[in-house]
1. So how much slack lies between THR53 and GLU93, counting 0.36 nm per residue of separation and subtracting their Cα-Cα distance, in nm?
2. Within the set of other residues whose C-beta is less than 14 Å from the C-beta of TRP89, count the net charge using Lys and Arg as +1 and Asp and Glu as -1.
3. Each residue of the range 52-69 in turn: what ³J(HN,Hα) in whole Hz from Karplus with 6.51, -1.76, 1.60 and θ = phi - 60°, glycine and Pro shown as x?
4. Starting from 0.36 nm per residue, how many nanometres of slack lie between GLU31 and SER73 once their C-alpha separation is accounted for?
Amino acid sequence: MNGTTPIGLPPRRGVRKGNYDWDGKARLAQETPGVAVLAGEGVPESLSKSVRTYRTPPFIQADGRIVVNLRNSVVNEEGVRHGDIYLTWVPEESK
């Protein structure tokens, strides 16, 4: 096999950041455990489903996790459901 031995994984290409600061809102939710933080208004439902799959910090950590909820949803003229995304930090129960 010809080639070079990689020192590490190259950075991901094509990752779209979008118009929302999900990490910043998740950190804000961590500062107020159990309180829902409005992270985005009028967000497509498909994006809210995507945010629910986040498994990296600050969404999942040893001391807790972020719960994502979609509220106040409506279906627009094109048939796409939109709503408000709330993030809530749920601390891990100490044993």
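1. Gain on stretching THR53 to GLU93: 12.2 nm.
2. After counting each charged neighbour, the total is -2.
3. Values, residue by residue: 4, 8, 4, 10, 10, x, x, 6, 10, 9, 4, 9, x, 8, 9, 9, 9, 10 Hz.
4. Extra length available between GLU31 and SER73 comes to 12.5 nm.
Since every read-out is calculated from the coordinates, none of them should be taken as a lab result. These numbers were taken from a predicted model, which means no experiment stands behind them. FYI the Cβ positions are ideal-geometry reconstructions off the backbone, even for glycines, and counts take in every protein chain you see.
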